[in-house]
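Presented below is the structure to which this report refers.
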Amino acid sequence: GKALGVFAAAFFAGAVSSLMKKEEDLNLICVGSPFEKDEIVELKKLQIYAKTIALRADEKTLNNLYSNAIVFAFPSLYEGFGMPILEAFANNCPTCISNTSCFPEIAGDAAAYFDPYSQDSICEAIKKVFYDDNYRLQMINSGKKRLENFSWVKTGEETVNSYEKAISA
């Protein structure tokens, strides 16, 4: 089924639980740490535990998740540079992100924004991407264009990778 890719906790799950219950094929995939006991309790209380997965992901798995997700949500409150946003853009994944940190500077008009402290705001942003095909396609195209502004990021990553290979050789 369709997947909702996120870095999130119970608060985010609460924001999207009504949509997940309404849409049978919508699942929530949380990338990072396994769920804590209290998060499992909350997910069960929200009645979405069976449709929610927590996993650690290497770069290949992450790219696969981005490529297959109907939306990538990043409800971070404090984040340095938003690499996951650019990774989502690179994998043609529509993106919903916090209106905090440097995210608006990175994503520009290529993302849907929400207030990370408001469950209603989060849910509305996700719904817009989920239900509006034209908007979703527009975001994918805007994401591709936006990536052109960050070609230096890829160059920097490749440089670091080649140094790491040289050091370990």
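The values are calculated or read from the model by the stated rules, or taken from the named source; none is laboratory data. Please read all numbers here as calculations on a predicted model, not as lab measurements. Cβ sites come from the backbone with ideal geometry, for glycine too, and all protein chains shown count toward neighbours. Areas reflect the complete protein model, heavy atoms only, side chains present, ligands, DNA and RNA absent. Shrake-Rupley method; radii C 1.70, N 1.55, O 1.52, S 1.80 Å.
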Filter result (of a type in the set (Ser, Thr, Tyr) and either assigned to a loop (DSSP other than H, G, I, E, B) or open to solvent by 10 Å² or more (accessible area, probe 1.4 Å) (or both)) within region 67-98: 67, 76, 78
Neighbours by Cβ (under 6 Å, 6+ apart or cross-chain): first from region 34-62, open to solvent by less than 40 Å² (accessible area, probe 1.4 Å) and of a type in the set (D, E, K, R); second modelled with pLDDT under 90 and in a helix (DSSP H, G or I): 39/10
Condition check for residue 101: open to solvent by less than 50 Å² (accessible area, probe 1.4 Å) and part of a loop (DSSP other than H, G, I, E, B): no
Filter result for the condition that a residue is modelled with pLDDT of 95 or more, open to solvent by 80 Å² or more (accessible area, probe 1.4 Å) and among the charged types (D, E, K, R), over 165, 154, 128: 128
